[in-house]
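Bear in mind these aren't lab numbers, they're just calculated from the coordinates by the rules spelled out. Since the model is a prediction, treat every value here as computed from it, not as a measurement. A quick note on method: Cβ atoms are made from the backbone with ideal geometry, for glycine too, and the neighbour counts reach across all protein chains shown.
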């Protein structure tokens, strides 16, 4: 994590030469499929920090470092076992504003990057598994002001051959 922190600090120091801004996203995670079965439908929380780099013609790049946590829930099919799931993400968002104004309006968002998943089971069948995988997400957003926006997106990541992370993320973004 130390090299990543240094990279983000170096990137932040170069921001005055560009129109880039630092921001944060806070979101809720609604698990689906395999994740819902493991956590009995628990709703999770996530947060991310990002650097928003406007390009031209309404395109914005947004590299980010984030994390999600879905709290322990009763695992379906395994009586007496509770499972919690967490991830740390290093992703790159691509935003496209059809109105070519990244300061306001609706936009499409797509994301790809690496995710470190941790699946922890407690109880009668305890175990902890960690996997690093590629993840993708995509959805819609709306930028209300140059600083405040909202997003809704779906996500997908193959944690292992028997477990795929899918769900919805609903959240708010703020640029500083």
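Summary table below
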read-out	value
Most to least packed among 23-33, 81-91 [average Cβ atoms within 10 Å]	81-91, 23-33
Over the chain: helical MRE at 222 nm, DSSP H runs n ≥ 4 each giving -39500 (n - 2.57), nearest 500	-3000 deg cm²/dmol
Residues listed by number, the range 38-63, amide nitrogen under 12 Å from residue 79 label point at 7 Å toward C-beta	none
Label point at residue 43 placed 7 Å out along Cα→Cβ; residues across the range 64-92 whose backbone nitrogen lies under 16 Å	69-73
Rounded, prolate or oblate (a/c below 1.5 giving rounded, otherwise prolate when a/b exceeds b/c) for the chain by Cα gyration tensor	prolate
Using alpha-carbon coordinates, inclination of helix 2-13 to the longest axis of the chain, degrees	20
